[in-house]
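The values are calculated or read from the model by the stated rules, or taken from the named source; none is laboratory data. Quick caveat: nothing in here was measured; it's all calculated off a predicted structure. Reconstructed Cβ throughout: ideal geometry from the backbone, glycine too, with neighbour counts over all protein chains shown.
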Amino acid sequence: MAQIAEKSTFDASALRRKIDEFFSALGRGVKAYGAHKSRAGEIAVLNAKTDDQLAAMGLRRDQIAVHVFRDMFYV
C-alpha cells in the first residue's frame, strides 16, 4: 500500500492582511457614517430656520446643501 504525504502550509501573514483590510474598511465606513450623520443634522438645523434667519446668515433655502457640503465640492 502506498502512502502519500501532503505537507500543508498555513500563511499567517495572508490571514493577518485580510483581517487588517476588514478592519480598515470597517473604520472607513464608520467614519463616513459619522460625517454623513453630522452633516444631516446641520442640514436639519438650517432647514428649521426661517427664511429671514437664513438671509441674516447670507443663505437662501436652496443653498443649504451647497453650504453644508462646501468643503467637499467645488461649486
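For segment 40-52, which residues satisfy the criterion of being β-branched (Val, Ile, Thr) and in a helix (DSSP H, G or I)?
Within segment 40-52, the first condition is being β-branched (Val, Ile, Thr), and the residues that meet it are 43, 45, 50.
Listed by number, the residues that qualify are Ile43, Val45.
Of all residue pairs spaced 6 or more apart or on separate chains, those with beta-carbon atoms under 6 Å, a first member in segment 53-75 that is part of a loop (DSSP other than H, G, I, E, B) and a second member that is surrounded by 11 or more Cβ atoms within 10 Å (Cβ to Cβ) are Leu59/His67; Val75/Val66.
Yes or no, residue by residue, for (1) surrounded by 11 or more Cβ atoms within 10 Å (Cβ to Cβ); (2) out of contact with any His (no Cβ under 8 Å at 6 or more places or on another chain); (3) at pLDDT below 90:
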position: Ala12; (1), (2), (3): no, yes, yes
position: Ser24; (1), (2), (3): no, yes, no
position: Val30; (1), (2), (3): no, yes, yes
position: Tyr33; (1), (2), (3): no, yes, yes
position: Ile43; (1), (2), (3): yes, yes, no
position: Asp52; (1), (2), (3): no, yes, no
position: Leu59; (1), (2), (3): yes, no, no
position: Asp62; (1), (2), (3): no, yes, no
position: Phe69; (1), (2), (3): yes, yes, yes
